[in-house]
Amino acid sequence: MNGNENKEVVLLIRNLYKSFGSNKVLNGFNLALKKGENLAVLGKSGSGKSVLIKCIIGLLYPDEGEITVLGQSIQSLNQDELDHLRVKIGFLFQSNALYDSMTVRENLEFPLRRHWMEVNNTKAHELVMEALENVGLADTVNKMPAELSGGMRKRIALARTLILQPEIILYDEPTTGLDPITSKEISELMNHLQKKYNTSSIIISHDMNCIQRTSDRMILLIDGVAYKEGSFDELKGSDDPVIQPYFE
């Protein structure tokens, strides 16, 4: 597990419960993300992965349980405190969520202007170009999102996520809709950025190839709980009939 056993826990979830009416989505879920670790959460559609992400960033309030991010309890924060904490959490949307009416430069500058970043135009330009160079797309700075391929848009979205230099990154289906070659490139880029910045990441994905390439550890989210955790190879080698279908 890449020597993460004794590292600091940067995100801790204890006994998380979340229901919608009679539908129990999270039913005592537990998770501990360590510094510098890529942790994948795998589950079927409707298993609660998106609900989990929304609880972590404070968009949904859990019915029970505790979420601690970088030493702060999410439930105890007021809105201003929560907004400041979110600056330290990067979120890569499944849809990329780029603004079609903005250039690549303007898309990347947007979080700088929004999150209390006191940067002049020169510094903003430096940060934009550094982020684009990190994803190999410095030459797209003045292009519009519509001019870019799906893989390029995913890279730009990742650059925008990185521009605030977050300590934690949440990846929501980072390779969905991409061809196998581009999916592999995005997975390799995620690993490169993890090593360069020592970020801690939760990767929500159905793509087993992506999970195998990127995860130090993975958790199976089944029936609202962390049913099993371990490395990709450990879970793939399990003889548990509940686990086996995920690797077929």
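No lab work stands behind these numbers, since they all come straight from the coordinates. In this text the structure is predicted, and so the values were computed from the model without any measurement. Here the Cβ positions follow ideal geometry from the backbone for every residue, glycine too, while neighbour counts run over all protein chains shown.
Over the stretch 109-175, Cα pairs under 8 Å with separation of 6+ residues give a relative contact order of 37 percent. Using C-alpha pairs under 8 Å with a sequence gap of at least 6, the mean separation divided by the residue count of the chain gives a relative contact order of 27 percent.
Hey, what number do you get for the chain at 222 nm if only DSSP H runs of n ≥ 4 count, each worth -39500 (n - 2.57), divided across all residues, to the nearest 500?
Values: 8 runs with 84 residues, N = 248.
Mean residue ellipticity, 222 nm, calculated: -10000 deg cm²/dmol.
For Gly28, the amide hydrogen comes within under 5 Å of the amide hydrogens of Leu16, Tyr17, Lys18, counting only partners 5 or more places away or on other chains and with H modelled in the peptide plane. A protection proxy built from the mean count of other Cβ atoms within 10 Å ranks the segments 141-149, 172-180, most packed first, as 172-180, 141-149. Here the calculated FRET efficiency for Phe93 and His206, from their Cβ-Cβ distance with R0 = 22 Å, stands at 0.90, rounded to the nearest 0.05. Each listed q (0.09, 0.11, 0.16 Å⁻¹) maps to a log10 I(q)/I(0) for the chain, found by the Debye formula over equal Cα scatterers with no solvent: -0.39, -0.59, -1.23.
Relative contact order of the stretch 109-248: 16 percent, from C-alpha pairs under 8 Å at least 6 residues apart in sequence. Here's the list of lysines a cross-link from Lys195 could span, going by alpha-carbon distance under 16 Å and ignoring same-chain residues fewer than 8 apart: Lys7, Lys34, Lys35.
Secondary structure note: in the chain, about 55% of the DSSP beta bridges are antiparallel.
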